[in-house]
Amino acid sequence: IVTTVATTHMLQDIARKYGRRVITTAVGDLVVAKALQEEGGIFGCEENGGMIFPDFVWGRDGAMAAAYILHILARHQKPLSEVLQSLPLRYQVKTKITVDPAKKERILRHIDTLTAQEKNRITIDGYKVVFDDNSWVLIRPSGTEPLLRLFAESRDREQAENLVAKFRRHIEEV
């Protein structure tokens, strides 16, 4: 399974349950597709819901995702609501912060310094910190706009919101 650094850890929870390996990439469907090809992956997913099923097509395909969901429902003979209730619960909060392009590098250096001592820091595409309770925060620069994207995820909605607020303050203090 290949997914991006910004995608929910729910996929990792499910993969672990079934003994599957998860490969994490930078954001972008082309990056995910390339990793799927290189690793012989069976499924790729992005944070925005884009799904890649390499047995059928090497790009994001909403119709294929819908067909696969219908297949799961038919196979298990359960309504979608019941299938969704069986999934691990996670809350993800996302925001974007417009930044002065002249300050962008200084802000990123500040975030680098701020997160440098974290024991589980991932720098594939921005700065991601995964905490002991498996909640996480990711700050990544947009590749197309003068802004930073800020994501946080937790099993508790308030904690995810607090993580976004905390790191937003760190960004705005620069």
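In region 88-102, is there at least one residue being in a helix (DSSP H, G or I) and farther than 17 Å from residue 127 by Cα? Give the steps one after another, and end with the answer.
Taking region 88-102 first, the residues in a helix (DSSP H, G or I) are 101-102.
If we keep only those that are farther than 17 Å from residue 127 by Cα too, we end up with 101-102.
Yes, that holds for at least one residue.
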- Test: residue in region 65-79 that is part of a loop (DSSP other than H, G, I, E, B) and under 30 Å from residue 145 (Cα atoms): no
- Message: Restricting to region 125-150, and then to whatever is of a type in the set (Gly, Ala, Ser) and either buried (at least 21 other Cβ atoms within 10 Å of the Cβ) or in contact with a strand residue (DSSP E or B) (Cβ under 8 Å, 6 or more places away or on another chain) (or both), can you tell me which residue is farthest from residue 112 (Cα to Cα)?
- Response: 135
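May I ask you to list the residues in region 131-170 that are assigned to a helix (DSSP H, G or I), under 24 Å from residue 25 (Cβ atoms) and aliphatic (A, V, I, L, M)?
Residues of region 131-170 that are assigned to a helix (DSSP H, G or I), as a first pass: 157-170.
In the following step, the residues that additionally are under 24 Å from residue 25 (Cβ atoms) were identified as 160, 163-164, 167.
Selection gives 160, 163, 164.
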- Item | Candidate set: region 32-52, residues that are hydrophobic (A, V, I, L, M, F, W, C) and crowded, with 18+ Cβ neighbours inside 10 Å; chosen: the one nearest to residue 133 (Cα to Cα) | 45
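Quick check on this structure: which one of 158, 153 is acidic (Asp, Glu) and surrounded by fewer than 17 Cβ atoms within 10 Å (Cβ to Cβ)? Before you say what the answer is, go through the steps one by one.
Values: 153 fails: surrounded by fewer than 17 Cβ atoms within 10 Å (Cβ to Cβ).
Result: 158 is the single residue among 158, 153 that is acidic (Asp, Glu) and surrounded by fewer than 17 Cβ atoms within 10 Å (Cβ to Cβ).
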- Note on the structure: Residues in region 141-174 that are closer than 15 Å to residue 100 by Cα, under 15 Å from the mean Cα position of the chain (by Cα) and of a type in the set (Lys, Arg) total 1
- Query: within 27 Å of residue 163 (Cβ to Cβ) and either of a type in the set (D, E, K, R) or without any contact (Cβ under 8 Å) to a residue 12 or more places away in the chain (or both), is that true of residue 96?
  - Reply: yes
- Task: Would you check which residues across region 1-37 are free of Cβ contacts under 8 Å to residues at least 24 places away in the same chain and among the hydroxyl-bearing types (Ser, Thr, Tyr) and list them?
- Result: 18
- Message: Being loosely packed, with under 13 Cβ neighbours inside 10 Å, more than 15 Å from residue 140 (Cα to Cα) and charged (D, E, K, R) is the filter here; which residues of region 63-99 pass it?
- Response: 75, 82
- Message: I'm told residue 55 meets every condition in (1) more than 19 Å from residue 125 (Cα to Cα); (2) outside any helix (DSSP H, G or I); (3) in contact (Cβ under 8 Å) with a residue 24 or more places away in the chain except one. Can you identify the failing condition by its number?
- Response: (3)
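None of the figures in this text is laboratory data; all of them are computed from the coordinates on show. The structure presented is a predicted model; accordingly, all values stated were derived computationally and were not measured. When we count neighbours, we look across all protein chains shown, and the Cβ atoms used for this are built from the backbone with ideal geometry, even at glycine.
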